[in-house]
Amino acid sequence: MKKGMWMLIASLISLSMMTGCSDSKEEAQEPSEPKAGEPTSFTTVNDVEGVTMEVKKDSISATGVTIVFENTTDEEYTYGEDYWLEKKVNDKWTQLPILVEGNWGFNAIGYQLDPHDKKEWKISWNDFYGEMEPGDYRMVKSILLTFEAGGYDKSYLAAEFTIE
């Protein structure tokens, strides 16, 4: 009887520890393959208090921008090279199609955004999206807050800009 009780307690402890290692944000928010004109699936963006992403105004062109990340928190965040471009059509954000056919992807690398730090990242989207026409756009990027226990929170940042 003692052995059975210890097994039950050990099982419950193991189960409670596993729930702490999962991603607490919704992963269904990330689109798998954007299609032209499809409404955005990013319903929650810019919800990380103290972390911002903006477009450097003098960097905007039809083929790219420079993004400025700022972290005013005491936490370290990580971002990668992945991003999505969306265009405002009839006051709604719509996903832009990726023009590359076949196998493609972004470099799987993580860039550190240290506490109380600011970083710039220059992006050329010509290979993936082509040249943009005049209009209102936004770039959406994922950002991770990693925990010492091995889990993470994934959030999305968005930066709006206009191509004239």
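What follows draws every value from the coordinates through simple rules; no lab data is involved. Nothing here was measured: the structure is a model prediction, and the numbers come from that model. Here the Cβ is made from the backbone with ideal geometry for all residues, glycine too, and neighbour counts use every protein chain on show.
Tabulated data for the structure shown
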{"read-out": "Label-point separation, Lys119 to Thr44 (7 Å along Cα→Cβ), nm", "value": "2.4"}
{"read-out": "Karplus (6.51, -1.76, 1.60) ³J(HN,Hα), θ = phi - 60°, over region 145-159, in Hz, Gly and Pro reported as x", "value": "10, 9, 9, 4, 6, x, x, 7, 10, 9, 10, 10, 10, 9, 10"}
{"read-out": "Distance-filtered residues of region 56-86 - backbone nitrogen under 16 Å, label point 7 angstrom along Asp153 Cα→Cβ", "value": "71-79"}
